[in-house]
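Bear in mind these aren't lab numbers, they're just calculated from the coordinates by the rules spelled out. The model shown is predicted, which means the values in this text are computed figures rather than measured ones. Note that each Cβ is placed from the backbone with ideal geometry, even for glycine, and that neighbours are counted across all protein chains shown.
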Amino acid sequence: MIDRIERLTPVSGQKSVSGSQSGDAFASALRQELERTQQQTVAFSKHAMARAEERGIEVTPHLIERLSDSVARAEAKGATNILALDRSLAFIINVPNGRVITTMSQDEMKDNIFTNIDGAVIL
């Protein structure tokens with residue numbers, strides 16, 4: 001029968017850590033990482049913010065929440081550059097950085113071709 005190890009043996013000059021202490025440290029680190037990722041929101045590049053202002057696109061907390069949700073869904077599928085699209089707006093977003101690269105209104109979408117994207121999310 002194998003007995004459970006309760007204490008780790010120190011390796012030359014290191015402190016010993018009991019199983020419950022290391023479990024607490026891991027749980028704390030995991031909790032901090034989860035909080036950090038949950039607070040992560042989409043940021044607009046200077047270019048995207050300038051385009052939004054030029055085009056009369058209001059960047060509201062609700063819009064940021066919708067874009068953040070689309071980034072999370074795209075990240076889960078492994079996408080790196082996405083087109084986030086609704087009926088009147090389009091956003092090109094770099095998923096790993098959570099950064100909106102550019103934005104377009106409905107009128108500007110009519111004649112555009114979207115390149116260098118590997119996914120699309122309908123808002």
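In which sequence would LEU85, LEU67, LEU123 go, from the one with the fewest C-beta neighbours within 10 Å to the one with the most? Working shown, then result.
Details: LEU85 18, LEU67 25, LEU123 14.
If I rank by nearby Cβ atoms, fewest first, I get LEU123, LEU85, LEU67.
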Notebook entry, point to check: What residues qualify as long-range amide H neighbours of VAL59, i.e. H under 5 Å apart, gap of 5 or more or another chain, H built at 1.01 Å from N?
Noted result: none
Check: Ranked by Cβ crowding within 10 angstrom, fewest neighbours first, how are ILE93, ILE113 ordered?
Finding: ILE113, ILE93
Next item on the list: For each of ARG73, ARG31, ARG51, ARG87, count neighbouring Cβ atoms within 10 Å of the residue's Cβ, then give the residues from fewest to most.
Entry: ARG87, ARG31, ARG73, ARG51
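In square nanometres and to one decimal, what's the mean projected area of the convex hull around the Cα atoms of segment 41-122?
Averaged projected area of segment 41-122's Cα convex hull equals 4.8 nm².
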Check: How large is ³J(HN,Hα) for each residue in segment 117-123, as worked out from phi by the Karplus curve 6.51 cos²θ - 1.76 cosθ + 1.60 (θ = phi - 60°), to whole Hz, x for Gly and Pro?
Finding: 10, 10, x, 9, 10, 8, 6
